[in-house]
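S.K.: Quick one: the structure is below, and I'll ask about it shortly.
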Amino acid sequence: MTTSKFKTICLFCGSSLGKKKSYKDAAIDLAKELQMFALQVMKNIDLVYGGGNIGLMGLIAQTLFDGGRHVLGVIPTPLMDKEITSVTIGDLKPVKNIHQRKAEMSLHADTFIVMHGLAWNPIDTCATLAMPECITGSHVTENLVSFLGLTLQDGK
C-alpha cells in the first residue's frame with residue numbers, strides 16, 4: 001500500500017471554465033485522479049478551494065464532494081453573489097477579502113495545486129505565503145513563464 005503525507009489539498013484555479021474545453025476536461029480528470037489516489041493510499045484526501053460553485057473550481061469541488069471527500073470553500077464576502085450561483089459545495093467559510101482567502105486556504109492545506117484559468121500570479125502568492133510545496137501545471141520548470149502567461153491569457 002502506498003502512503004501519503006497529504007491530507008488536504010489546496011486548489012487554485014479559475015472561477016470560469018476558461019477558453020479551452022481541454023481545461024474543463026483536465027479539471028474533471030484531476031478530480032477523478034485525486035479520488036483514485038485517496039483510494040490507493042487508503043486515506044481521505046480533502047479539498048480546500050475558492051468557495052464558488054462555478055467554473056473549474058466548482059467543477060472539481062463538486063466532483064470530489066460527490067465522491068465523498070470533505071470540501072471546504074473559502075470565499076470573500078464580496079464575491080459570494082458572483083461565484084455562488086445556487087447551493088454551496090461542502091462547508092463554506094466567508095472571509096473579508098482575497099488576501100484573507102489565500103491565507104485561510106493555506107492554513108488548511110498540506111500541498112497545493114495550481115491550474116490554468118487564474119487572474120492573478122499563483123507563484124507570487126505561493127512565495128508570499130511561504131508555501132514551499134506548491135505544485136504548478138508546469139512543475140516549476142523552465143516552462144514556468146509560459147505557464148503563467150497562458151494562465152492569465154486563457155482564464156477569462
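The values are calculated or read from the model by the stated rules, or taken from the named source; none is laboratory data. In this text, all values refer to a predicted model and were calculated from it rather than measured experimentally. With ideal geometry, Cβ positions are generated from the backbone for all residues, glycine too; neighbour counts draw on all protein chains shown. Surface areas here come from the heavy atoms of the whole protein model, side chains and all, with no ligands, DNA or RNA. Shrake-Rupley method; radii C 1.70, N 1.55, O 1.52, S 1.80 Å.
S.K.: Can you list the residues, at least 5 places off or on another chain, whose amide H is less than 5 Å from the amide H of ILE75, using H built in the peptide plane?
M.R.: Counting only residues 5 or more places away or on other chains, the set is LYS93, VAL95.
S.K.: At R0 = 22 Å, how high is the FRET efficiency between THR88 and LEU39 if r is their beta carbon distance? Nearest 0.05 is fine. Provide the component values of the computation, followed by the final result.
M.R.: Details: r = 26 Å, r/R0 = 1.16.
Using R0 = 22 Å, I get an efficiency of 0.30.
S.K.: How much length is gained on full extension from THR111 to HIS70, taking 0.36 nm per residue of separation minus their Cα-Cα distance? Write out the running numbers ahead of the final one.
M.R.: Numbers: separation 41, 0.36 × 41 = 14.76 nm, distance 1.55 nm.
Using 0.36 nm per residue and subtracting the Cα-Cα distance, I get 13.2 nm.
S.K.: State which entries of LYS5/LYS96; LYS20/LYS102; LYS20/LYS93; LYS19/LYS82; LYS21/LYS96; LYS5/LYS82 exceed 28 angstrom in Cα-Cα distance in the structure shown. Before the final figure, lay out each step's value.
M.R.: Working: LYS5/LYS96 31 Å; LYS20/LYS102 26 Å; LYS20/LYS93 30 Å; LYS19/LYS82 19 Å; LYS21/LYS96 32 Å; LYS5/LYS82 35 Å.
Too far apart for the 28 Å limit: LYS5/LYS96; LYS20/LYS93; LYS21/LYS96; LYS5/LYS82.
S.K.: If you don't mind, another one. Starting from the 7 Å offset along Cα-to-Cβ, what nm value, one decimal, do you get for the label separation of ASP81 and GLN100?
M.R.: 1.8 nm
S.K.: Can you give the local net charge around VAL95? Use residues other than it whose beta-carbon is closer than 10 angstrom to its beta-carbon, Lys and Arg +1, Asp and Glu -1.
M.R.: On the way: positive: LYS93, LYS96, ARG101, LYS102; negative: GLU104.
Combined, the nearby Lys, Arg, Asp and Glu give +3.
S.K.: Using the Kirkwood formula over every pair of different C-alpha atoms, what hydrodynamic radius in Å results for the stretch 18-93?
M.R.: Values: mean 1/r = 0.0788 Å⁻¹.
One decimal place: 12.7 Å for the Kirkwood radius.
S.K.: I've got another one for you. Go through 82-89, 17-24 and give me the packing order, highest mean Cβ count within 10 Å leading. Mind showing how you got there, number by number?
M.R.: Numbers: 82-89: 14.4, 17-24: 15.9.
Per-residue Cβ counts within 10 Å, averaged per peptide and sorted highest first, yield 17-24, 82-89.
S.K.: Follow-up question, since we're still on this one. Under a 5 Å amide H to amide H cut-off, with H placed in plane at 1.01 Å, what residues pair with VAL48 once short-range neighbours are removed?
M.R.: HN-HN under 5 Å from VAL48: ILE9, CYS10, LEU11, LEU72.
S.K.: With every protein chain left in place and a probe of 1.4 Å, what is the accessible surface of ASP66, to the nearest 10 Å²?
M.R.: Probe radius 1.4 Å; accessible area of ASP66 about 110 Å².
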